[in-house]
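The values are calculated or read from the model by the stated rules, or taken from the named source; none is laboratory data. Everything quoted here is computed from the prediction, not taken from an experiment. Glycine also receives a Cβ, built like all others from the backbone with ideal geometry; neighbour counts cover every protein chain displayed. What goes into the accessible areas is simple: the full protein's heavy atoms, side chains included, and nothing from ligands, DNA or RNA. Shrake-Rupley method; radii C 1.70, N 1.55, O 1.52, S 1.80 Å.
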There are 2 protein chains.
Amino acid sequence: MTAVGKSVLRVPDDTLAHRLAMSASTVDGGCNTMAEIRSWLADRAEKQLHQVARIPFAELRSWRFDEDSGDLRHDSGKFFRIQGLRVQSDFGPVPSWTQPIINQPEIGILGIVVKEIGGVLHCLMQAKSEPGNVDGVQVSPTVQATRSNYLRVHEGGAVPYLDCFRDLGRHRVLADVLQSEQGAWFYHKRNRNMIVEVDEPVEAHEDFCWMTLGQLHLLLREENVVNMDARTVLSCMPAGFEAAAGGLTDEMVTAIALSCDPAFGGLHTPQETMSWLTSRESEQVVVTELTGLSDVPRWRRTDVDIHHDEHRFFRVVAVSVLANSREVGDWTQPLLEPCGTGLIVLLVKRVDGVLHALVNARAEPGYRGTVELAPTVQCTPANYGGITSEQWPPFLDLVLDGDPGRILFDTELSEEGGRFHNARNRYRIIEVAEDFPDGGRPEFRWLTLHQLTSFLGHSNYVNVQARTLIACLRGLR
Amino acid sequence: MTAVGKSVLRVPDDTLAHRLAMSASTVDGGCNTMAEIRSWLADRAEKQLHQVARIPFAELRSWRFDEDSGDLRHDSGKFFRIQGLRVQSDFGPVPSWTQPIINQPEIGILGIVVKEIGGVLHCLMQAKSEPGNVDGVQVSPTVQATRSNYLRVHEGGAVPYLDCFRDLGRHRVLADVLQSEQGAWFYHKRNRNMIVEVDEPVEAHEDFCWMTLGQLHLLLREENVVNMDARTVLSCMPAGFEAAAGGLTDEMVTAIALSCDPAFGGLHTPQETMSWLTSRESEQVVVTELTGLSDVPRWRRTDVDIHHDEHRFFRVVAVSVLANSREVGDWTQPLLEPCGTGLIVLLVKRVDGVLHALVNARAEPGYRGTVELAPTVQCTPANYGGITSEQWPPFLDLVLDGDPGRILFDTELSEEGGRFHNARNRYRIIEVAEDFPDGGRPEFRWLTLHQLTSFLGHSNYVNVQARTLIACLRGLR
């Protein structure tokens, strides 16, 4: 073998892990203090006028129910369309059903700009309100752009910082991967999750603020502060920053660090894990077919909503929005409103000192494939009223009734406010004992953080709920 | 950090690369000589009676054209269905078209059993004839099983060695990943590509033969000897065996070895490569819709075939088969018969001593995503008769007319004989100079073998034609 020497050949940035770790351990000493960040966020919340009101469907402007299909769609054919979906599955208690679903085939960009300031990596985060957000303004990625935006065929103003994600020759890409969103509510939705490091000067406009990973991780622990788009992008960050010192026990810091290092192994090798996921993808059958929205039995359309006849799952509603922070100052649109607060739990345990998380290869009808890795529990408990606990999803009874273990993370976070109205989920990470009875269920596996992070380097392996919890787990401190 | 010590935790087999390399360098000294392998194959070709005759559609048994849709389908609803596909694309010279396509939603298993015999890894290969095969019997994986077979709900005899792929707790999985097949001919087809190492005794039945990787690589250079299924599984083999000594120059042996080692880098980092592929997947638009087979304008159905009105692309035909090697001794079925021999070329070059291959992020209408990595050139030149060379696919003129470089591999290999009739492709690997003019086309990139191999650890990144050429490239000697 000859050494390559001075060469056009390029290798990955081997300083990145160290630089990410430094950013994650910096809370004081960044270019803004936490007090300044909180004050900026409060100020933006005050300045960004965003009045949202429920309206009857008849008051929607430029949206209408298609005469033939019953689909709810925009006159331009853009944005998204609410259709029907017919589902057949060989798994779970309900073998077939129909439901409304959001069909939004265009791929958008969710992007975070990162930059070294004073020798520490900072993320450029945006204070952004969305009509369906819980608490109005939330901490969002630098850019949330639709395909029409980013291909510059849009009609409104330019999206700030979009060039950082379009002119990649000048910058360093840390992550760029397509990821799914809620498979129960979106049909085949994908967004491009991007993290780009910029060397040249970048000014933070008034709706934007530089913060370290450590600061972002603190905000992530607060209720409804960091939005879904920021969480999913953050989950795609390359490894190296996990388990920053802070309130964690030394044992947990070590368990997370070992879990991120492939040399320490796991209960299953990477090949076995991939083989397990391939077998779930191959052997479960989910057959779906888009239909008209008028072709969903058991769903009723009234003047003000479309709801399930047992008032479970979700409603389709309409809102009017008055805003001062967008090109378009007022508009109306449909939103999907879940019934009840969701409960999303990741159980973790130490196995020979290495942290493992219990994930579920879960089928959802809107996925492009059949299954994606989901948290241990992902459900809305209210949907199970009147059903005996034998028919509950696995581990829900343990999480609801018992005292399964030590809570490491417990925060309410809301989902994409541009499509969902008040979509609240309680996200929990709970540490259980090494001998926790998992029942050897074939659709569950204990995986290390290294295995999960390496799946997150690719598309459509890890679902959006698990991505939130992995971002939270990697940001524990 | 504490060492883990004796533990339930498991790490990947770090002897595997060495053991694969030994198998790849062994031609003499395996449990069969090349002469014995050739003699076994000739004997099987003689013993496996397989008479195939073209018949009119009216003589198909249990297959019929659906009255409403015109689809060609089996009475049981099993096997596959030939439907229509409507395609719209923003890329390439033809913006929209319709075509017949094979819809086979079930996921099958293509699996190779490997085992150490006399200290050297051997692959258990099968001599198998398929009705559409060029030259009848070809070297095939240990198992080619449909989903009905492998879930044991089949009606015929048991598939030999299937248990090795179903009882994975007892064996070691080296590869297990879903891969696409021809996106121009199959709609969303996926097969499970598996390689499993077995420790316990395994007897080779008469249609099966143990051979080393080195022996298999020699057979791969012979025309129409190793079938498509064996090639695609082989391409998913973990890295470590490439560039076995043999007829290659020392420079090329070194260039391949460096190309397999991530430490030596490449023209693009792994993150840049993933970002490029994500941008192609995001920005190209291919919209497809399945239709009835009677709804494909420009395709004509006669008593004996369905053909394009210019007799280009392919024909759908029917055959009768008389065999003595299957549970079902005689049957009839449709096959897709391409018009003309394809030309599939991978250009490679050394950059600072590291081998790179020029791959194309190529859209095909039957892919589950939009693009997959394809060879530099993949086309049937006869389809371009009457079209000026300006409209030819990139690099076709260089490959057809010029003397682009040094030919490293040049063999005719045929595609899946269970679905395609005489589907011949000429596969070539050509080494070009480091300053080869690639025109900076955004849909092409020079990648290292390490990058390609790491994509092959996941589903749907590398198309079936590129998988054949990567198997051939990794097997150069």
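Name the residues in the stretch B:297-322 that are part of a strand (DSSP E or B) and either under 30 Å from B:Phe395 (Cβ atoms) or among the hydroxyl-bearing types (Ser, Thr, Tyr) (or both), would you? Give the derivation first.
First pass over the stretch B:297-322, keeping only residues part of a strand (DSSP E or B): B:299-301, B:306-308, B:314-322.
Within the stretch B:297-322, B:Trp299, B:His307, B:His308, B:Phe314, B:Arg315, B:Ser320 meet the criteria.
Going by the conditions given, is B:Val87 away from chain A (no Cβ under 14 Å), aliphatic (A, V, I, L, M), within 30 Å of B:Ser282 (Cα to Cα) and not in a loop (DSSP other than H, G, I, E, B)?
Details: away from chain A (no Cβ under 14 Å): yes; aliphatic (A, V, I, L, M): yes; within 30 Å of B:Ser282 (Cα to Cα): yes; not in a loop (DSSP other than H, G, I, E, B): yes.
For B:Val87, the condition - away from chain A (no Cβ under 14 Å), aliphatic (A, V, I, L, M), within 30 Å of B:Ser282 (Cα to Cα) and not in a loop (DSSP other than H, G, I, E, B) - is met.
Would you check if there is a residue in the stretch B:432-441 being touching a strand residue (DSSP E or B) at 6+ places or on another chain (Cβ under 8 Å) and among the basic types (Lys, Arg)?
No, because not a single residue in the stretch B:432-441 is touching a strand residue (DSSP E or B) at 6+ places or on another chain (Cβ under 8 Å) and among the basic types (Lys, Arg).
Against the conditions (1) open to solvent by 20 Å² or more (accessible area, probe 1.4 Å); (2) more than 14 Å from chain B (Cβ to nearest Cβ); (3) of a type in the set (Gly, Ala, Ser), where does A:Ala318 fall short? Just the number, please.
Going through (1) open to solvent by 20 Å² or more (accessible area, probe 1.4 Å); (2) more than 14 Å from chain B (Cβ to nearest Cβ); (3) of a type in the set (Gly, Ala, Ser) one by one, A:Ala318 breaks only (1).
Looking at the stretch A:412-434, can you tell me whether even one residue there is farther than 30 Å from A:Pro100 by Cα and free of Cβ contacts under 8 Å to residues at least 24 places away in the same chain? Step through it out loud before you land on a result.
Going through the stretch A:412-434, the residues farther than 30 Å from A:Pro100 by Cα turn out to be A:429-434.
Filter once more, keeping what is free of Cβ contacts under 8 Å to residues at least 24 places away in the same chain: none.
Within the stretch A:412-434, none of the residues are farther than 30 Å from A:Pro100 by Cα and free of Cβ contacts under 8 Å to residues at least 24 places away in the same chain.
Could you tell me whether any residue of the stretch B:323-337 is in a strand (DSSP E or B), within 14 Å of chain A (Cβ to nearest Cβ) and touching a helix residue (DSSP H, G or I) at 6+ places or on another chain (Cβ under 7 Å)? Talk me through it step by step, then tell me what you get.
Taking the stretch B:323-337 as the starting set, the residues that turn out to be in a strand (DSSP E or B) are B:323, B:330-337.
This time we only want the ones that are within 14 Å of chain A (Cβ to nearest Cβ), so: none.
Checked against the condition, which is being in a strand (DSSP E or B), within 14 Å of chain A (Cβ to nearest Cβ) and touching a helix residue (DSSP H, G or I) at 6+ places or on another chain (Cβ under 7 Å), the stretch B:323-337 yields no hits at all.
Given the criteria out of contact with any Cys (no Cβ under 9 Å at 6 or more places or on another chain), free of Cβ contacts under 8 Å to residues at least 40 places away in the same chain and in a helix (DSSP H, G or I), does A:Ser39 qualify?
Details: out of contact with any Cys (no Cβ under 9 Å at 6 or more places or on another chain): yes; free of Cβ contacts under 8 Å to residues at least 40 places away in the same chain: yes; in a helix (DSSP H, G or I): yes.
It is true that A:Ser39 is out of contact with any Cys (no Cβ under 9 Å at 6 or more places or on another chain), free of Cβ contacts under 8 Å to residues at least 40 places away in the same chain and in a helix (DSSP H, G or I).
Could you pull out every one of the helices (runs of 4 or more DSSP H) wholly within the stretch A:381-477 that has 2 or more residues that are within 19 Å of the chain's Cα centre (by Cα) and of a type outside the set (Asp, Glu)? Talk me through it step by step, then tell me what you get.
Numbers: elements: A:396-401, A:449-455, A:464-474.
The qualifying helices (runs of 4 or more DSSP H) are A:449-455, A:464-474.
Give me the pairs, please: first residue somewhere in the stretch A:455-471 and more than 14 Å from chain B (Cβ to nearest Cβ) and at negative phi, second residue anywhere and open to solvent by 10 Å² or more (accessible area, probe 1.4 Å) and outside any helix (DSSP H, G or I), beta-carbon distance under 6 Å, and either six or more positions apart or on two chains.
Matching pairs, first to second residue: A:Gln465/A:Gln378.
Looking only at the stretch A:358-365, decide whether some residue is in contact with a helix residue (DSSP H, G or I) (Cβ under 7 Å, 6 or more places away or on another chain), within 14 Å of another protein chain (Cβ to nearest Cβ) and in a strand (DSSP E or B). Talk me through it step by step, then tell me what you get.
Of all residues in the stretch A:358-365, those in contact with a helix residue (DSSP H, G or I) (Cβ under 7 Å, 6 or more places away or on another chain) come to A:359, A:361.
If we keep only those that are within 14 Å of another protein chain (Cβ to nearest Cβ) too, we end up with A:361.
From the residues that got through so far, the ones that are in a strand (DSSP E or B) too are A:361.
Yes: the stretch A:358-365 contains one or more residues that are in contact with a helix residue (DSSP H, G or I) (Cβ under 7 Å, 6 or more places away or on another chain), within 14 Å of another protein chain (Cβ to nearest Cβ) and in a strand (DSSP E or B).
Only one of (1) in contact with a Lys or Arg (Cβ under 9 Å, 6 or more places away or on another chain); (2) more than 19 Å from B:Gln451 (Cα to Cα) is not met by B:Val359, so which one is it?
Going through the list (1) in contact with a Lys or Arg (Cβ under 9 Å, 6 or more places away or on another chain); (2) more than 19 Å from B:Gln451 (Cα to Cα), B:Val359 breaks only (2).
What tally of residues in the stretch B:355-409 results from selecting those that are among the acidic types (Asp, Glu) and under 21 Å from B:Met274 (Cα atoms)? Spell out the reasoning first.
If we filter the stretch B:355-409 for residues that are among the acidic types (Asp, Glu), which is where we start, we get B:364, B:372, B:390, B:397, B:401, B:403.
Next cut, under 21 Å from B:Met274 (Cα atoms) only: B:364, B:372.
Total meeting the criteria: 2.
Which residues, taken from the stretch B:46-71, are at pLDDT 95 or above and assigned to a helix (DSSP H, G or I)?
Scanning the stretch B:46-71 gives B:Phe57, B:Ala58, B:Glu59.
Can you pull out the residues in the stretch B:105-129 that are within 28 Å of B:Arg54 (Cα to Cα) and open to solvent by 20 Å² or more (accessible area, probe 1.4 Å)?
Matches in the stretch B:105-129: B:Pro105, B:Glu106, B:Gln126, B:Lys128.
Residues A:Thr341, A:Thr380, A:Thr388, A:Thr376: which one is away from chain B (no Cβ under 14 Å) and without any contact (Cβ under 8 Å) to a residue 12 or more places away in the chain?
Working: A:Thr341 fails: without any contact (Cβ under 8 Å) to a residue 12 or more places away in the chain; A:Thr380 fails: without any contact (Cβ under 8 Å) to a residue 12 or more places away in the chain; A:Thr376 fails: without any contact (Cβ under 8 Å) to a residue 12 or more places away in the chain.
Among A:Thr341, A:Thr380, A:Thr388, A:Thr376, only A:Thr388 is away from chain B (no Cβ under 14 Å) and without any contact (Cβ under 8 Å) to a residue 12 or more places away in the chain.
Name the pairs whose Cβ atoms lie under 8 Å apart, with the first residue in the stretch A:187-214 and at positive phi, the second open to solvent by 10 Å² or more (accessible area, probe 1.4 Å) and not aromatic (Phe, Trp, Tyr), and 6 or more positions between them or separate chains?
A:His188/A:Asn103; A:His188/A:Pro105; A:His188/A:Arg368
Criterion first (open to solvent by less than 10 Å² (accessible area, probe 1.4 Å), more than 10 Å from chain A (Cβ to nearest Cβ) and among the hydrophobic types (A, V, I, L, M, F, W, C)) does B:Met194 satisfy it?
Numbers: open to solvent by less than 10 Å² (accessible area, probe 1.4 Å): yes; more than 10 Å from chain A (Cβ to nearest Cβ): no; among the hydrophobic types (A, V, I, L, M, F, W, C): yes.
When the stated conditions are applied, B:Met194 does not pass them.
Would you mind finding the one in A:Arg441, A:Arg424, A:Arg467 that is open to solvent by less than 10 Å² (accessible area, probe 1.4 Å) and among the basic types (Lys, Arg)?
Details: A:Arg441 fails: open to solvent by less than 10 Å² (accessible area, probe 1.4 Å); A:Arg424 fails: open to solvent by less than 10 Å² (accessible area, probe 1.4 Å).
So the residue among A:Arg441, A:Arg424, A:Arg467 that is open to solvent by less than 10 Å² (accessible area, probe 1.4 Å) and among the basic types (Lys, Arg) is A:Arg467.
If I filter the stretch B:58-80 down to residues being away from every other protein chain (no Cβ under 14 Å) and without any contact (Cβ under 8 Å) to a residue 24 or more places away in the chain, which single residue comes out as least open to solvent (accessible area, probe 1.4 Å)?
So, considering only residues that are away from every other protein chain (no Cβ under 14 Å) and without any contact (Cβ under 8 Å) to a residue 24 or more places away in the chain, the one least open to solvent (accessible area, probe 1.4 Å) is B:His74.
For the stretch B:9-28, which positions are in contact with a strand residue (DSSP E or B) (Cβ under 9 Å, 6 or more places away or on another chain), within 13 Å of chain A (Cβ to nearest Cβ) and open to solvent by 60 Å² or more (accessible area, probe 1.4 Å)?
B:Arg10, B:Val11
Tell me, which helices (runs of 4 or more DSSP H) wholly within the stretch B:228-294 include 3 or more residues that are within 8 Å of chain A (Cβ to nearest Cβ) and open to solvent by 10 Å² or more (accessible area, probe 1.4 Å)?
Values: elements: B:228-235, B:250-259, B:270-283.
Answer list for the stretch B:228-294: B:270-283.
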